Amino acid sequence: GPDAYWQMHEWLFENIDEFSDETLREAAAEMNLKPDALFAEMDSPEVAEAIEEDAWAGKRLGLRAIPFLFINERRVPRWNLKGRPVLETMVERALAGSAPE
């Protein structure tokens, strides 16, 4: 369900450098998911097609790594600016109603 999706989503981003079938199986079990069922679903034609569509969409956009940040259809080229996270700065300024520097 949605909770499992977001748990796995967070885990994938946090563990992208250590990602493997083994670490994914371990994480799934820790999240009370059934690793064999997860891998069977991942091997389904529908999931393979969705992954391929996402990969092609990323290539068309010129994405080489994830995550990528786009605002108003413009790519934000870096995650940190002057030692601060770009997204955090933008959210703070949006909430305050101020324009970016």
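The numbers here are math on the coordinates, done by the rules we state, and not lab data. All values derive from a computational prediction rather than experimental measurement. Here the Cβ is made from the backbone with ideal geometry for all residues, glycine too, and neighbour counts use every protein chain on show.
Any idea what angle helix 86-96 forms with the longest principal axis of the chain, computed on alpha-carbon atoms, 0 to 90 degrees, nearest 10? Helix 86-96 and the main axis of the chain meet at about 60 degrees. Here the Gaussian network model covers the chain, with springs between Cα atoms less than 10 Å apart; of Pro35, Pro85, Pro45, Pro85 fluctuates the most.
Specify whether the C-alpha gyration tensor of the chain places it in the rounded, prolate or oblate class, a ≥ b ≥ c being the square roots of the eigenvalues: rounded for a/c under 1.5, otherwise prolate if a/b is larger than b/c and oblate if not. Prolate.
Tell me the angle of helix 2-14 to the major Cα principal axis of the chain, expressed in degrees between 0 and 90 and rounded to the nearest ten. Helix 2-14 and the main axis of the chain meet at about 70 degrees. Compared with the dominant principal axis of the Cα atoms in the chain, helix 21-30 is inclined by about 90°.
With the simple spin-label model, which puts each label point 7 Å out from Cα in the Cβ direction, the Glu46 to Glu14 separation comes to 2.9 nm.
Taking the chain as a Gaussian network, Cα atoms linked when under 10 Å apart, which of Leu12, Leu63, Leu87 shows the biggest mean-square fluctuation? Between Leu12, Leu63, Leu87, it is Leu87 that shows the largest mean-square fluctuation.
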